[in-house]
1. Which one of these does M180 not meet: (1) more than 29 Å from R13 (Cα to Cα); (2) surrounded by fewer than 16 Cβ atoms within 10 Å (Cβ to Cβ)?
2. Name the one entry in R128, R103 that is of a type in the set (K, R) and open to solvent by 70 Å² or more (accessible area, probe 1.4 Å).
3. Determine, yes or no, whether L26 is open to solvent by less than 40 Å² (accessible area, probe 1.4 Å), of a type outside the set (F, W, Y), within 30 Å of P137 (Cβ to Cβ) and in contact (Cβ under 8 Å) with a residue 60 or more places away in the chain.
4. Across segment 35-58, what is the number of residues that are farther than 18 Å from I174 by Cα, surrounded by fewer than 15 Cβ atoms within 10 Å (Cβ to Cβ) and of a type outside the set (V, I, T)?
5. Test Y64 against the criterion of being open to solvent by 30 Å² or more (accessible area, probe 1.4 Å), touching a residue at least 24 places away in the same chain (Cβ under 8 Å) and over 18 Å from I167 (Cβ atoms), and give yes or no.
6. Output the residue which, of all residues in segment 147-171 that are of a type in the set (S, T, Y) and free of Cβ contacts under 8 Å to residues at least 12 places away in the same chain, is least open to solvent (accessible area, probe 1.4 Å).
Amino acid sequence: MRVIFGIGNPGIRYEFTRHNAGFLLLDYFAKKKSIKFKEATGDYLESTTNVNDQNFLLVKPVTYVNTSGIAARQIFEKYSLSPEEFLVLCDDTNLINYDFRVRLAGGDGGHNGLNSIIYHLMTEQFPRIRIGIGNNPPDKALSDYVLSEFSKSELEEYQTTYNKCVILIEEFIIGGSKKMLEANSLLMKSENRSNSNQNI
């Protein structure tokens, strides 16, 4: 069983905020697959189905961003997961809007949700897709910025990013981290060729 775990804050109040970029990607993927989330026995919502006969689980914790690790630990205990089977989706203020990065391991990069997961799982060795939301302007505190809402035009722009990430998630489900990295490399090469052609 492979798990895709979004980081975000539950509730309508936070639904379209920048800190919920991971949730929004997870929702986007679920909508593409016509699957819905339901309440689980732990501190999370879940949805399970399969791609190419490979079962997987989508997870949205209800513990809020800063304590995401509580739900992560519950999932690990319930399904006896190994870290490489656990893909985390989260926002990243170190990346510009609409950008994304794939990593197989690493620190929290200043993200409290990742910090909580690392603390509760006692490992940094899990893959993640980080969604760029840009940095806070000088006149705005970081906490206020990540809890500010995306504009309608921004949400529309993110669909292009999310479509690419859907491919990566599918590859992770089918073939694990290695297949996801291979797909990411192809996406990056295709994007570089497109940018080169535009500059001619």
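1. (2)
2. Of R128, R103, the one residue that is of a type in the set (K, R) and open to solvent by 70 Å² or more (accessible area, probe 1.4 Å) is R103.
3. Yes: the conditions hold for L26.
4. Result for segment 35-58: 3.
5. Against the criterion (open to solvent by 30 Å² or more (accessible area, probe 1.4 Å), touching a residue at least 24 places away in the same chain (Cβ under 8 Å) and over 18 Å from I167 (Cβ atoms)), Y64 qualifies.
6. So the residue we want is S151.
The values are calculated or read from the model by the stated rules, or taken from the named source; none is laboratory data. None of these values were measured; they are calculated from a predicted model. Note that each Cβ is placed from the backbone with ideal geometry, even for glycine, and that neighbours are counted across all protein chains shown. All accessible areas refer to the heavy atoms of the entire protein, side chains included, with ligands and DNA or RNA removed. Shrake-Rupley method; radii C 1.70, N 1.55, O 1.52, S 1.80 Å.
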